[in-house]
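A.B. asks: Shown below is the structure under consideration.
Bear in mind that the values in this text are calculations on the coordinates, not laboratory data. What you are looking at is a predicted structure, and each value in this text was computed from that prediction instead of being measured. We place every Cβ from the backbone using ideal geometry, glycine too, and count neighbours over all the protein chains shown.
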Amino acid sequence: MPAFTLISAEDPFETIVADAEAAVRAGFIADYLAAANAIDRAHVAYEIALYDAANPSEAPLMDEIHGLNQPAAA
């Protein structure tokens, strides 16, 4: 019977998933900023709310959207 050996190393799958999540979040922010009118912006905000509900362990993306209009701390 063959024996399996566990070799510990950083899993590239985790890196791929993290990159994909970052791209999704960046895409939502870009879509929100590019919205042509209030209806489009509300639709993107709805999609962001669904994303936030599906990912409760992450920082809420809508908080990041609301923070875009806040001045930076000195």
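A.B. asks: Using just the helices of the chain, give the 222 nm mean residue ellipticity in deg cm²/dmol: DSSP H runs with n ≥ 4 each add -39,500 (n - 2.57), and the total is spread over all residues, rounded to 500.
C.D. replies: Numbers: 3 runs with 47 residues, N = 74.
So the calculated ellipticity at 222 nm is -21000 deg cm²/dmol.
A.B. asks: Gain in length, His43 to Phe4, computed as 0.36 nm per residue apart minus the alpha-carbon separation, to one decimal in nm? Don't skip to the end; give the middle numbers.
C.D. replies: Details: separation 39, 0.36 × 39 = 14.04 nm, distance 4.99 nm.
Separation in residues times 0.36 nm, less the Cα-Cα distance, equals 9.1 nm.
A.B. asks: Still on this structure: In the neighborhood of Tyr46, defined by Cβ-to-Cβ distances under 14 Å, what is the net charge if each Lys or Arg adds +1 and each Asp or Glu adds -1? Kindly include the intermediate steps, with their values, before the conclusion.
C.D. replies: Numbers: positive: Arg41; negative: Asp31, Asp40, Glu47, Asp52.
My count for the surroundings of Tyr46 gives -3.
A.B. asks: Additional query: Take the chain, drop everything but the C-alpha atoms, weight them equally and run the Debye formula without solvent; then report log10 I(q)/I(0) at 0.21, 0.23 Å⁻¹ to two decimals.
C.D. replies: For the chain, the Cα-only Debye profile gives -0.99, -1.09.
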